[in-house]
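The values are calculated or read from the model by the stated rules, or taken from the named source; none is laboratory data. These numbers come from a predicted model, not from an experiment. Neighbour counts are summed over all protein chains in view; Cβ atoms, including those assigned to glycine, are modelled from backbone coordinates with ideal geometry. Accessible surface areas use protein heavy atoms only, side chains included; no ligands, DNA or RNA. Shrake-Rupley method; radii C 1.70, N 1.55, O 1.52, S 1.80 Å.
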Amino acid sequence: MVKAVRFHETGGPEVLKLEDVAVGDPGPGEARVRHTYIAVNFIDTYFRTGRYALDLPNGLGSDAVGVVEAVGPGVTDIKAGDRVGYLIGPQGAYSEARVMPAAVLIPLPDGVSDRTAATLMMKGMTAQYLFRQVYPLHGGETILYHAAAGGVGLIACQWARALGVTMIGTVSTDEKAEIAKANGCTHTIVTSRENIAQRVRELTDGRGVKVVYDSVGKDTLMASLDSLQPRGHLISNGTSSGAVVVDSQLLAQKGSLWMTRPAMIHYIHPRAHMLEMARELFDHVLAGRITSEPRQTFALAEASEAHRALEGRKTTGATVLVP
Ligand SMILES: NC(=O)c1ccc[n+]([C@@H]2O[C@H](COP(=O)([O-])OP(=O)(O)OC[C@H]3O[C@@H](n4cnc5c(N)ncnc54)[C@H](OP(=O)(O)O)[C@@H]3O)[C@@H](O)[C@H]2O)c1
């Protein structure tokens with residue numbers, strides 16, 4: 001038996017309960033992983049609240065790192081003792097150990113610690129696919145990026161700096177603005193006292209930006225559209241403040257804008273491509289262009305506290321659970 005966080009009903013952070021669950025031996029194509037760190041992501045709160053549906057009771061989380069304890073028949077590229085991480089697969093990462101499809105496991109290179117890797121799997125791979133695949137940046141662009149001091153945000157700040165991209169990042173407080181800037185964000189807009197679109201126009205000599213990465217959603221939608229150049233791109237990659245509904249006529253009125261709602265799952269297959277994405281991310285880390293450590297650490301048993309902090313906008317950078 002191992003300890004795992006599970007929930008039997010959707011709701012607030014209090015529905016998360018630490019329970020004993022059985023972990024069997026891996027079957028064909030599977031591996032058993034003993035976690036060293038479990039990453040907390042905003043998407044976990046969507047499952048917990050029921051915004052994203054799951055059969056209940058269920059485990060939670062899809063992002064962790066650890067050591068392979070055993071592999072099942074047919075698994076050839078992962079073996080017992082390997083250090084691995086993952087960011088997709090069935091919910092249930094909030095646990096001491098679990099059985100996973102081996103095909104989703106990403107080997108961790110020497111030189112990238114488990115603690116660092118726990119901040120990179122979902123968050124770093126998200127920065128990779130947003131900046132290198134959804135709207136590929138080449139350097140020289142000016143972008144608007146919301147929640148720049150968040151978990152994905154602090155890696156995005158550093159990736160933008162590495163690419164030579166001018167990043168205008170939104171944050172809710174001056175303290176978060178300092179953290180974003182220290183990570184490479186060029187300009188910050190403090191949303192509690194500044195008008196986003198107006199500041200973007202000031203910072204771009206009235207032109208607006210070619211692309212906005214908006215993970216906040218409902219509260220920032222109009223500001224994002226108003227910050228774009230004609231034929232600019234809105235990458236609506238999250239809904240931290242609530243869902244986004246857009247009348248396509250509005251996209252025409254605001255300048256024949258493009259809009260996409262990307263999901264990681266459509267950018268990460270086949271496995272060879274996922275490993276190539278990870279290699280690019282790890283290369284940045286090994287070269288020192290991206291440095292990342294958890295900024296909040298909770299015990300596995302304190303998962304509900306971690307959710308309260310994340311939803312309450314009390315966190316910066318990555319949050320992890322330690323089993
Ligand atoms: N599409 C994908 O494939 C994908 C993959 C990974 C993550 N995401 C999305 O990317 C976003 C970032 O994820 P993360 O795990 O790194 O979280 P995070 O950015 O660390 O946390 C969310 C941040 O959003 C900001 N925010 C603005 N309005 C908010 C509100 N009403 N409630 C809560 N937060 C609010 C807060 O920053 P301020 O206080 O500075 O405003 C908060 O710190 C999430 O929306 C997530 O769903 C999408």
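The accessible area of ASP226, taken with all protein chains in place and a 1.4 Å probe, comes to roughly 60 Å². Indicate the gyration tensor shape class of the stretch 122-264 (rounded, prolate or oblate), computed on the Cα atoms with a ≥ b ≥ c the square roots of the eigenvalues: a/c under 1.5 is rounded; otherwise a/b larger than b/c is prolate and the rest oblate. The shape class here is rounded. Length available on full extension from ASP205 to ARG271: 0.36 nm per residue minus the Cα-Cα distance, which gives 19.4 nm. The alpha carbon convex hull volume per residue for the chain rounds to 123 Å³. Solvent-accessible surface of the stretch 122-264, taken per residue with a 1.4 Å probe and all protein chains present: 40 Å².
Modelled label positions at ALA182 and ARG295, each set 7 Å beyond Cα in the direction of Cβ, lie 0.9 nm from each other. From its DSSP helices (H runs of at least four residues, each -39,500 (n - 2.57)), the chain gives a residue-normalised ellipticity at 222 nm of -8500 deg cm²/dmol. Of the chymotrypsin sites (Phe, Trp or Tyr not before Pro) found in the stretch 1-77, those that fall in a DSSP loop while having at most 14 other beta-carbon atoms within 10 Å are TYR52. Entry for the stretch 233-307 at q = 0.20 Å⁻¹: log10 I(q)/I(0) = -1.04, Debye formula applied to identical alpha-carbon scatterers, no solvent contribution.
Normalising the average separation of contacting C-alpha pairs (under 8 angstrom, six or more residues apart) by the number of residues puts the relative contact order of the chain at 18 percent.
Relative contact order of the stretch 122-264: 19 percent, from C-alpha pairs under 8 Å at least 6 residues apart in sequence. A simple charge model with +1 on the Cβ of Lys and Arg, -1 on the Cβ of Asp and Glu and nothing else charged puts the dipole of the chain at about 620 debye relative to its Cα centre. Of all lysines in the structure, those lying under 29 Å Cα to Cα from LYS79, and not within fewer than 8 positions of it along the same chain, are LYS3, LYS123.
Counting only DSSP beta bridges whose two residues both lie in the chain, roughly 55 percent are antiparallel.
In this simple spin-label model, placing a label point 7 Å from the Cα along the Cα-to-Cβ direction at both GLU280 and HIS138 gives a separation of 1.4 nm.
Dipole orientation for the chain: of the candidates ALA318, LEU18, GLY92, ALA318 has the Cα lying most toward the positive pole (charges on Cβ; Lys, Arg +1; Asp, Glu -1). What the Cβ-Cβ distance of ASP55 and GLN249 gives, at R0 = 45 Å and to the nearest 0.05, is a FRET efficiency of 0.75.
The overall shape of the stretch 31-163, judged from the alpha-carbon gyration tensor, is oblate: a/c is not under 1.5, and a/b is no greater than b/c. Sparsely packed loop sites in the stretch 148-222 (the trypsin sites (Lys or Arg not before Pro) outside DSSP H, G, I, E and B with at most 10 other Cβ atoms within 10 Å) comprise ARG193.
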